[in-house]
Amino acid sequence: MEDPYAWLRDPGYPEVKDKEHETHLLAGGNPAGGPEDPGTLALMHSVASTHIERGDHEVSLALMTEVVATSRRVRGAEHERTLEAISNLAATY
């Protein structure tokens with residue numbers, strides 16, 4: 001049986017293919033376990049990156065701000081993923 005949580009251990013983030021795929025993922029079509037789950041944070045980070053690529057900085061900024069705040073609270077300010085999220089939030093500007 002395939003491990004549905006294998007992607008959480010992947011060093012990268014899940015790729016969001018298009019708006020329909022994004023809607024599916026955010027509606028629960030992912031194995032993430034809640035707003036503070038590492039999978040949820042990775043998904044939000046990926047969606048924010050997709051919006052940046054599409055030129056929708058406002059949506060990306062809102063998502064990245066939430067990812068940074070949650071990651072700081074859950075993982076701590078010095079955690080590798082928190083620092084990566086902060087860097088990406090800065091790049092959004």
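Would it be correct to say that GLY28 is assigned to a loop (DSSP other than H, G, I, E, B), open to solvent by 20 Å² or more (accessible area, probe 1.4 Å) and at pLDDT below 65?
So GLY28 fits the description; yes.
Could you list, in sequence order, all residues of segment 74-93 that are assigned to a helix (DSSP H, G or I) and not hydrophobic (A, V, I, L, M, F, W, C)?
Across segment 74-93, the qualifying residues are ARG75, GLU80, ARG81, THR82, GLU84, SER87, ASN88, THR92.
Test of understanding: among GLY12, GLY55, GLY33, which residue is under 24 Å from TYR93 (Cβ atoms), in a loop (DSSP other than H, G, I, E, B) and at pLDDT 60 or above?
Just one listed residue meets the conditions, GLY55.
Among the listed residues SER60, SER49, SER71, which satisfies the condition of being buried (at least 17 other Cβ atoms within 10 Å of the Cβ), at pLDDT 90 or above and outside any loop (DSSP other than H, G, I, E, B)? Break it down into steps so the answer makes sense when it comes.
Details: SER60 fails: at pLDDT 90 or above; SER49 fails: at pLDDT 90 or above.
Step by step, each of SER60, SER49, SER71 is checked, and only SER71 is buried (at least 17 other Cβ atoms within 10 Å of the Cβ), at pLDDT 90 or above and outside any loop (DSSP other than H, G, I, E, B).
Looking at the structure I just gave you, is GLU2 part of a loop (DSSP other than H, G, I, E, B) and either open to solvent by 70 Å² or more (accessible area, probe 1.4 Å) or at pLDDT 85 or above (or both)?
When the stated conditions are applied, GLU2 passes them.
The values are calculated or read from the model by the stated rules, or taken from the named source; none is laboratory data. Computed from a predicted structure; not experimentally measured. Positions of Cβ are backbone-derived with ideal geometry, glycine not excepted, and every protein chain shown enters the neighbour counts. The protein model used for the area step is the full one, side chains on, heavy atoms only, and it has no ligands, DNA or RNA in it. Shrake-Rupley method; radii C 1.70, N 1.55, O 1.52, S 1.80 Å.
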